[in-house]
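Notes to accompany the following structure.
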Amino acid sequence: MSTGADLSSTGIAIWDRFAAPHEVQALRRCAIAHESRGDFAAARVGSLGKEQRRDSIRGDFTCWLREPLLPCERVLLERLEDLRLQFNREMFLALVELELHYAKYPPGAVYARHVDQPRGSAQRQLSFVLYLNPDWQPSDGGALRIYGAGDQYVDVEPLGGRLACFLTPGREHEVLPARRERYSISGWFRGRAPTLHGINH
């Protein structure tokens, strides 16, 4: 798969079937297993040390991927590492590490329009999301809306196995409400950019 052309021209790239159906099912089962163990937490917004839950702004629940990893999680990390190296070869992004978490959106939950770089930090260079929703229908909603110039935008349906990537700096986006429970794995490839004071997200 070629990565650089789409990102260089639009800053956005979408690949269907990045994960095969059996991989999507396995990762979704992993997410549910984490949830049954209490590994998910309500996502919060606000400055460091003053975070709060505000469902009207962000209604998802997250679980960070950490060791020990389950087998299908390790396979995914290996594929993402290959992707990191390919981005570096094709776009000279100097990506060095990865942040990664599961996200669960209950029916009706949203994530209001925002950017992925915390205030004062420029380390997140490339955002991505892999969807874990078999048999998703357009009527189910839950699209990722990625904004361009002005009020132009692209809506990305959360189809199982689809990988959406976009260049992080300044790129506003939001998650629209869904009628069904919606699972994904979201993350960022990070660069070596210096971190400043006053982190806020």
- prompt: Which ones in the range 5-45 are at pLDDT below 95 and over 19 Å from the mean Cα position of the chain (by Cα)?
  reply: ALA5, SER8, SER9
statement: Here, strands (runs of 3 or more DSSP E) confined to the range 122-181 with at least 2 residues that are open to solvent by less than 50 Å² (accessible area, probe 1.4 Å) and closer than 15 Å to ALA112 by Cα are 144-147, 173-175
- line: Checked the range 129-156 for anything under 17 Å from the mean Cα position of the chain (by Cα) and charged (D, E, K, R); matches are ARG145, ASP155
- request: Keeping to the range 29-44, report how many residues are acidic (Asp, Glu) and out of contact with any Cys (no Cβ under 6 Å at 6 or more places or on another chain).
  value: 1
field: Lone qualifier among GLY187, GLY191 - being farther than 25 Å from GLY49 by Cβ and small (Gly, Ala, Ser)
entry: GLY191
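The values are calculated or read from the model by the stated rules, or taken from the named source; none is laboratory data. Because the structure is a prediction, the values reported are computed rather than measured. Counting neighbours? That spans all protein chains shown, and the Cβs are built from the backbone with ideal geometry, glycine included. For accessibility, only protein heavy atoms count, side chains too; no ligands or nucleic acids. Shrake-Rupley method; radii C 1.70, N 1.55, O 1.52, S 1.80 Å.
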